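Below you'll find the structure, written out as structure tokens, and then a few comments.
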């Protein structure tokens, strides 16, 4: 399933030579969309990080700790594997 | 994306460091050019530079707190801090090693002190710059 806002593959996330992208893909944007267009701030408040950190996670610029990853999955009521996945080599 | 409070704080720290260092460098540079080689006269200059640094730091943070809600640092801020520290502390080590070497060669104390001060300031400046890079580029 591909919905608007799905985080693209790593190669598409990288916007230039100075950019950094993790190999962990996520579907947070899609899940926020499905959760009545939940805002980044609302999700960030629930998991205890700043909106900028959530933005970095969503954009593939930062791999969260397991604890934060589990908290995100719990907010959406999904197993971890349905929120995050490791990009293929 | 607007910077977080932590990122704004790093900008403020970098600006205050540059202002403090610039003031100290200008005054102490003039003193050294006039042949003052005793460390004691540099102490009040250094204290003044530190006071200016702290004032700029305080004013900057007050302004940042007024323009946006201060937030607690989170795991990304801590990771960025550790990584920046890890990639910049070598400069301080180089300065300390240089200072010890200079003492062995009986270089004047004022030069050794300034080498140590410079390595401390530059190491801190590099750390703050790296933090800003990691905030923007990702980590």
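The values are calculated or read from the model by the stated rules, or taken from the named source; none is laboratory data. Predicted, not measured: the structure shown is a model, and the values here were computed from it. Cβ atoms come from the backbone with ideal geometry, glycine included; neighbour counts cover every protein chain shown.
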So residue A:48, is it within 14 Å of chain B (Cβ to nearest Cβ), without any contact (Cβ under 8 Å) to a residue 60 or more places away in the chain and either crowded, with 21+ Cβ neighbours inside 10 Å or closer than 16 Å to residue A:21 by Cα (or both): no
Lone qualifier among B:80, B:100 - being within 11 Å of chain A (Cβ to nearest Cβ) and part of a helix (DSSP H, G or I): B:80
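The rows are residues; the columns are (1) crowded, with 19+ Cβ neighbours inside 10 Å; (2) at pLDDT below 95; (3) within 12 Å of the chain's Cα centre (by Cα).
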site: A:23; (1), (2), (3): no, yes, yes
site: A:43; (1), (2), (3): yes, no, yes
site: A:60; (1), (2), (3): yes, yes, yes
site: A:63; (1), (2), (3): yes, yes, yes
site: A:75; (1), (2), (3): no, no, no
Qualifying positions in segment B:109-139 - within 14 Å of chain A (Cβ to nearest Cβ) and on the phi < 0 side of the Ramachandran plot: B:129, B:130, B:131, B:132, B:133, B:134, B:135, B:136, B:137, B:139
Check on residue B:9, within 14 Å of chain A (Cβ to nearest Cβ) and out of contact with any strand residue (DSSP E or B) (no Cβ under 6 Å at 6 or more places or on another chain): yes
